[in-house]
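The values are calculated or read from the model by the stated rules, or taken from the named source; none is laboratory data. Just so it is clear, the model here is predicted, and its values are computed rather than measured. We place every Cβ from the backbone using ideal geometry, glycine too, and count neighbours over all the protein chains shown. Quick note on the areas: whole protein, heavy atoms, side chains included, nothing else; ligands and nucleic acids left out. Shrake-Rupley method; radii C 1.70, N 1.55, O 1.52, S 1.80 Å.
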Amino acid sequence: MSSLKVSVTDLHVGDRTGSDVFNWNGLLVVSAHTVLNGEDIDKLHRHNIDYVDIMLRFDGGLPEQSNVITTSIDELRIDPIATFENAVDTVKLLFYEVEQHGQIKEALIDSAFTPLTDHFKQENDVVSLLLTMNSKDDYTYQHCVQVGMLSYYIAKWMGYSEQEALIVGKAGYVHDIGKSNISLDILNKPGRLTHEEFEEVKKHAKYGYNLIKTSKMEEAIALAALQHHERLDGSGYPSNLKGDDIHPYAKIVAVADIYSAMVSSRVYQKKQSLLQVLIELHRLSFGQLDPQVAQVFIRNMIPNFIGKRVLLSSGEIGQVIMTHPSDFFKPLVQVDDRFINLTEQPELEIQEIYV
């Protein structure tokens, strides 16, 4: 792609950087292909950056005097990383649109989510997909994309039609859009939230519901946003709903939401092993999460661990050879020329999984 060098003073929210931006000391300030928000532009000013390469603008136009070649849908379908990054950038733009106009552009969602779902149909190794497409940067936006991906997969595994699975995936994609109404100081706080701050964050479920309804999207998508923190035992929020009072889409998004959050690195939380999170989901399926949704998810995720390198609690690195038919979380692992049956060695655990 060609790009245009633009003065930082002329940058717009929604501009996409064409290359990595470093300060005078060689520190990376903003990565290439970042869709800039106000915070990014302020950061560039603070680091005394004068000019930035810009690829395109999302306001419908391109930078003046430029010959920008945008990424085509076909290119996105070929490159899963580019597809994922485009979907993340679109979530970032959706948040900006909500802040500016109070509405969600469904066409914008479709433009990013359609290429992503095309890749879903070709990709069976969900574990590698999650491990590859995960970083500490832009957690909120990446999380939305991951939850959309996982919600789609779960719906398919549960026997939903392709059309309905896409709706469930879209519900996961926008489930946290209400956070666009929450202060960034709270969302990005590095430490534990106060009671008052947590109560403010909890409002994102209702905010999201209202935004989706106002934008005239499907009622089921709005209900998924409203109810994805509800729990079967009534311990969730915002309405302490129980059992069948929770929409089926919300039950799916809830599992995807917890899994994505726990395997992601955040400013205040170290990511956890993919396998350990499945164990936690299994525990939560006895009372809080829908047991069918959780069990379908676990049963379909476990085979993806076969062939992966793993770090054992003994410090040894091995490879998963076979999963156990009754104890999913204790597979057969090969370390050098030895085979370790973890069901027979309860003191050993898998601490990390690698692509």
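Observations, loosely collected:
- The number of residues in the stretch 315-355 being of a type in the set (S, T, Y) and assigned to a loop (DSSP other than H, G, I, E, B) comes to 2.
Yes/no matrix, rows are residues, columns are (1) open to solvent by 90 Å² or more (accessible area, probe 1.4 Å); (2) polar (S, T, N, Q); (3) at pLDDT 75 or above; (4) assigned to a strand (DSSP E or B):
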residue	(1), (2), (3), (4)
D40	no, no, yes, no
L44	no, no, yes, no
V52	no, no, yes, yes
F58	no, no, no, no
P63	no, no, no, no
N67	yes, yes, no, no
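- With respect to the conditions (1) within 21 Å of the chain's Cα centre (by Cα); (2) assigned to a loop (DSSP other than H, G, I, E, B); (3) of a type in the set (K, R), K206 falls short on a single one, namely (2).
- Highlighted here are the helices (runs of 4 or more DSSP H) found entirely within the stretch 115-181 that include at least 1 residues which are modelled with pLDDT of 85 or more and over 13 Å from the mean Cα position of the chain (by Cα): 139-157, 162-173.
- Residue check for D185: charged (D, E, K, R), closer than 23 Å to Q142 by Cβ and within 18 Å of the chain's Cα centre (by Cα): no
- Of the residues making up the stretch 304-313, one or more are in a strand (DSSP E or B), open to solvent by less than 20 Å² (accessible area, probe 1.4 Å), more than 29 Å from A254 (Cβ to Cβ) and among the hydrophobic types (A, V, I, L, M, F, W, C).
- Test: residue in the stretch 273-294 that is out of contact with any Gly (no Cβ under 6 Å at 6 or more places or on another chain), among the acidic types (D, E), surrounded by fewer than 15 Cβ atoms within 10 Å (Cβ to Cβ) and in a loop (DSSP other than H, G, I, E, B): no
- Residue that is most open to solvent (accessible area, probe 1.4 Å), among those in the stretch 227-245 that are touching a residue at least 24 places away in the same chain (Cβ under 8 Å), over 20 Å from Y153 (Cα atoms) and assigned to a loop (DSSP other than H, G, I, E, B): S235
- Restricting the stretch 69-89 to residues that are of a type in the set (S, T, N, Q) and open to solvent by 10 Å² or more (accessible area, probe 1.4 Å), the residue that is modelled with the lowest pLDDT is T70.
- Yes/no for L332 being open to solvent by less than 60 Å² (accessible area, probe 1.4 Å) and either under 18 Å from Q272 (Cα atoms) or modelled with pLDDT of 95 or more (or both): no
Per-residue answers, yes or no, for (1) open to solvent by less than 10 Å² (accessible area, probe 1.4 Å); (2) of a type outside the set (K, R); (3) free of Cβ contacts under 8 Å to residues at least 60 places away in the same chain:
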position	(1), (2), (3)
E164	no, yes, yes
I167	no, yes, no
I177	yes, yes, no
I186	no, yes, yes
T194	no, yes, yes
L211	no, yes, no
A222	yes, yes, yes
A225	yes, yes, yes
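- Residues (over 19 Å from E164 (Cβ atoms) and of a type in the set (D, E)) located in the stretch 189-227: E196, E197, E199, E200
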